[in-house]
Amino acid sequence: MKKILTVAIVLIFTGCGENKVQEDSRDVVYDSLQQIISQKNAELNDIMGTFNDIQEGFREINMAQGRVNLNGIASEKMSKEDIMENISFIQRTMQLNRERIARLQQQLKSSSLNADKLSATIEGLTLQLNEKQKQIDQLEAQLKDKDLVIEKQGKEITRLNDNVGQLTASDAAKAEALQKQDKEMHTAWYVFGTKKELKSQGILKSSDVLKSSDFNKNYFTRIDIRVVKSIKLYSKNVELLTSHPSDSYSLERDAQKQYILYINNPDAFWSVSRYLVMLVK
């Protein structure tokens, strides 16, 4: 009986030991699985973070491309500096995406994940990036051609402006000459004064009027015959010393009994002489 009890106790403790070993083994396996899962999650998060950055880069590139589309309405309102800044931004972002794709490839090489599908995705991103580079190259070529056209147009406009300037200057000179000629055609000079005053200016010599060329022309008043139709003489005695048709003018007194010369027919009055000399007393 005592032996039987001893054997039973040994069996019980032996069974307990085996259960303990099994529990410890399960804990080790669980911890290993958790570590593997955590590692794969971290790798997957890193890969997805890089992938999202690449996608954001492509979105920014597309937006910048839309702004500098040379065939679009928006680009017409942009300056050349704004267009070049957008192209520089596209190039910088594309270079950044190249570096991100290279990093993504390196992450897949060192990863324990099944990378077949992700490798195909990376290949698609690389093709997309190469296609974008072709589009940007074409855009830069269009911009260069547009600059050449603008430069050519600018030179043509400058040439036309020079021609217009020359024509304008020529027209202005002609207009000035015509204006001067017109002014001279309608210019006359008059003077009135006492005999002593007229003689002192060389206008009257003995009984001759303007017979000498050395009379003082500055003593005369210059007028436009189309404008001046009357001359106030401030005198009660007036005599016209130069020849003018009698029916082309009249002498009338004002309230102070002083004479005013009225030119009734300017063309006839100035037809004989453009100089009018009047003697007052």
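Check the stretch 248-262 and report whether any residue there is part of a helix (DSSP H, G or I), over 15 Å from Leu198 (Cα atoms) and without any contact (Cβ under 8 Å) to a residue 24 or more places away in the chain.
yes
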Residue hits (the stretch 121-161; at pLDDT 70 or above and among the hydrophobic types (A, V, I, L, M, F, W, C)) are Ile122, Leu125, Leu127, Leu129, Ile136, Leu139, Ala141, Leu143, Leu160
If Gln91 satisfies every condition in (1) surrounded by 12 or more Cβ atoms within 10 Å (Cβ to Cβ); (2) in contact with a helix residue (DSSP H, G or I) (Cβ under 8 Å, 6 or more places away or on another chain); (3) modelled with pLDDT under 80 but one, which is the exception?
(3)
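Per-residue answers, yes or no, for (1) out of contact with any helix residue (DSSP H, G or I) (no Cβ under 6 Å at 6 or more places or on another chain); (2) modelled with pLDDT of 95 or more; (3) open to solvent by less than 50 Å² (accessible area, probe 1.4 Å):
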residue	(1), (2), (3)
Lys174	yes, no, no
Glu184	yes, no, no
Phe192	yes, yes, no
Lys205	yes, no, no
Lys217	yes, no, no
Leu240	yes, yes, yes
If I go through the stretch 118-128 residue by residue, how many of them are among the hydrophobic types (A, V, I, L, M, F, W, C), open to solvent by less than 50 Å² (accessible area, probe 1.4 Å) and without any contact (Cβ under 8 Å) to a residue 40 or more places away in the chain?
1
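The values are calculated or read from the model by the stated rules, or taken from the named source; none is laboratory data. Bear in mind the structure is a predicted one, so any value in this text is a computation, not a measurement. Cβ coordinates were reconstructed from backbone atoms using ideal geometry, including for glycine residues, and neighbour counts include every protein chain displayed. Areas reflect the complete protein model, heavy atoms only, side chains present, ligands, DNA and RNA absent. Shrake-Rupley method; radii C 1.70, N 1.55, O 1.52, S 1.80 Å.
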